[in-house]
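Right, one structure below, let's go through it.
Computed from the coordinates by the stated procedures, all read-outs in this text should not be read as laboratory data. Just so we're clear, the structure is a prediction, and the values are computed from it rather than from any experiment. Cβ atoms come from the backbone with ideal geometry, glycine included; neighbour counts cover every protein chain shown.
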């Protein structure tokens, strides 16, 4: 398998029939991969249609302009980005308070059974965690947030809910997730956010960047209703508070 070095990071390259390139580090979760994905996205290569980045790998969707020699352009750009931006040092993200109504959570019984705790204890703990936006997916505007300790992690439901409202907050294994659109849900719904993080149809479509921090702020059902009817989004709410 082809690879190249970024400092002490060994980045492997997998080619899937010249349709996709997958770049990943030997470690299952790499601190450098999200930054590398952002740098590759900003490069705007003529031979790529999309750049999709997760915690563990970067996927380049190739087009008809790609040939085997382009791999060296990818490597050279990655090395330059590493040298200029020092990709191995994470840029601190911005911190946002996300108002959440936990009263609307529909799966607290599953959280209590899996985590051997009470709803109130779980809420008190989660309010003291600073989460990090690790990636977007699997739906438009879906947030994957890391920071949940092992004893608060909860397996996904065996029978997904057919439909949940947008801005539902949920636990799925090691992640805290936020659904920006209505969707079936296999994750455990613990509440509702007052704001969406999606900016569609404007560009960029997402208000937050990978690496940004999120702290949950508890609100009542009445406060949720008031905030949902306001003109605020998450950015303007935090600027005001």
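Using only alpha carbons, build the gyration tensor for the range 115-241 and give me the equivalent ellipsoid semi-axes, biggest first, whole Å.
22, 17, 15
Give the Cα extents of the range 96-181 along the principal axes, in whole Å, largest first.
Projected onto the principal axes, the Cα atoms of the range 96-181 cover 33, 30, 22 Å.
Between the range 1-79 and the range 136-165, what is the separation of their alpha carbon centroids in Å?
If you average the Cα positions of each part, the centres end up 27 Å apart.
Between the helical axis of 33-43 and the dominant principal axis of the chain, each derived from Cα atoms, what acute angle in degrees is found, rounded to the nearest 10?
60
Projected area of the chain, taken from the Cα convex hull and averaged over every viewing direction, in nm²?
Over every viewing direction, the Cα hull of the chain projects on average to 14.7 nm².
Of all the Cα-Cα pairs you can form in the range 2-85, what percent are over 19 Å apart?
For the range 2-85, the fraction of Cα-Cα distances above 19 Å is 28 percent.
Can you give the FRET efficiency for residue 10 and residue 139, using 1/(1 + (r/R0)^6), R0 = 30 Å, r = Cβ-Cβ distance, to the nearest 0.05?
E between residue 10 and residue 139, to the nearest 0.05, is 0.40.
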